[in-house]
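The values are calculated or read from the model by the stated rules, or taken from the named source; none is laboratory data. These numbers were taken from a predicted model, which means no experiment stands behind them. As a convention, Cβ positions derive from the backbone with ideal geometry for all residues, glycine included, and neighbour counts pool all protein chains shown.
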Amino acid sequence: MSFQDWLFSFHLLFAATLVGGLVMSWIVVVALFSTDGADETLGFNRVATIANIAILLGLPGTIALGIWLAILRPEFHPWDGWIIAAIVLWAIATAAVFRSFREYRKPIAKARALTAAGSSGESRELALLNRSAAGLLFRAVGSLAIVLIVIDMIYKPGA
């Protein structure tokens, strides 16, 4: 295997890590919709932490190795339209996913406060935070951008 093949393999590994983290995070988001207790919310946070770590590894890994491959491979150039589209979509995905992280930290903080106060039962305020429309929107935008990147990478329009 050549060096470029190794880079491509790691690029795909980071991409799979990113997509796997997003799928795992969506499972948590859907589960949070039916959760209004502090203990349950904190339990889902443990799973979300693993998903977030996978996303945080996948985002920089895919872009760094993708640009590196575009520079190394003679048939591709960083200024090719499909590569620029992927970079723009990556920036959108990154901004949206990080914003969704911020939104989904709010129920965790509330659940910790409730637990510290000795109330681990149901909370209307916590239920509303778990069903965050903003968090859902940002996660959906980030996920859509990642799906569009995968489509862009497969078909390479204009290449």
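From the list Gly135, Gly142, exactly one residue is under 22 Å from the mean Cα position of the chain (by Cα), under 15 Å from Trp90 (Cα atoms) and not β-branched (Val, Ile, Thr). Which is it?
That would be Gly142, the only listed residue that is under 22 Å from the mean Cα position of the chain (by Cα), under 15 Å from Trp90 (Cα atoms) and not β-branched (Val, Ile, Thr).
I'd like the residue in the stretch 38-52 that is polar (S, T, N, Q) and surrounded by fewer than 19 Cβ atoms within 10 Å (Cβ to Cβ) and, out of all such residues, is nearest to Leu18 (Cα to Cα).
Thr49
Can you confirm whether the stretch 48-57 contains a residue that is modelled with pLDDT of 95 or more and among the polar types (S, T, N, Q)?
Checked against the condition, which is being modelled with pLDDT of 95 or more and among the polar types (S, T, N, Q), the stretch 48-57 yields at least one hit.
Tell me which residues, restricted to the stretch 104-126, are over 23 Å from the mean Cα position of the chain (by Cα) and free of Cβ contacts under 8 Å to residues at least 24 places away in the same chain.
Ala113, Ala116, Ala117, Gly118, Glu125
Looking only at the stretch 12-37, how many residues end up being in a helix (DSSP H, G or I), of a type outside the set (Phe, Trp, Tyr) and crowded, with 19+ Cβ neighbours inside 10 Å?
Residues meeting the conditions: 10.
Take the stretch 5-27 and flag every residue that is touching a residue at least 40 places away in the same chain (Cβ under 8 Å) and either touching a His at 6+ places or on another chain (Cβ under 9 Å) or within 23 Å of Ile108 (Cα to Cα) (or both).
Passing the criteria: Leu18, Leu22, Ser25, Trp26.
Just the residues that are touching a residue at least 40 places away in the same chain (Cβ under 8 Å), surrounded by 14 or more Cβ atoms within 10 Å (Cβ to Cβ) and part of a helix (DSSP H, G or I), please, taken from the stretch 73-94.
Trp82, Ala85, Ala86, Leu89, Trp90, Ile92, Ala93, Thr94
Hey, any hits in the stretch 62-70 for a residue that's under 16 Å from the mean Cα position of the chain (by Cα), assigned to a helix (DSSP H, G or I) and surrounded by 15 or more Cβ atoms within 10 Å (Cβ to Cβ)?
yes
Exactly one of these conditions fails for Gly142: (1) under 24 Å from Thr17 (Cα atoms); (2) touching a Leu at 6+ places or on another chain (Cβ under 6 Å). Give me its number.
Gly142 satisfies every listed condition except (2).
Scan the stretch 25-75 for residues that are closer than 24 Å to Ala95 by Cβ and charged (D, E, K, R) and jot them down.
The answer is none; no residue qualifies.
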